[in-house]
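Here the structure is laid out as structure tokens; the discussion comes afterwards.
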Ligand SMILES: [Zn+2]
């Protein structure tokens, strides 16, 4: 799912609000983050059989432009998805 202009602005607002004190990469120490222009999802491991509810966590991903270390935020909590999109 590609982020709209409005969602990109919302993502920046979320990062400014919650990722503000030390934005240095935990791996290389640089401060050059790139917001991925699409959302991703983290799927629950189906231990013990299929997951009929298909439990997913939608993710906003940011990546260190220098070393590639990635950090993710729950896209719902970042306000990037409507509450009905992921069945909340
Ligand atoms: Zn880095």
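Since every read-out is calculated from the coordinates, none of them should be taken as a lab result. No experiment lies behind these values; they were computed from the predicted model shown.
Take the range 5-74, drop everything but the C-alpha atoms, weight them equally and run the Debye formula without solvent; then report log10 I(q)/I(0) at 0.16, 0.21, 0.22, 0.25 Å⁻¹ to two decimals.
-0.65, -0.91, -0.96, -1.12
Between the helical axis of 5-18 and the dominant principal axis of the chain, each derived from Cα atoms, what acute angle in degrees is found, rounded to the nearest 10?
70 degrees
Hey, what number do you get for the chain at 222 nm if only DSSP H runs of n ≥ 4 count, each worth -39500 (n - 2.57), divided across all residues, to the nearest 500?
Here the helix-only value at 222 nm equals -5000 deg cm²/dmol.
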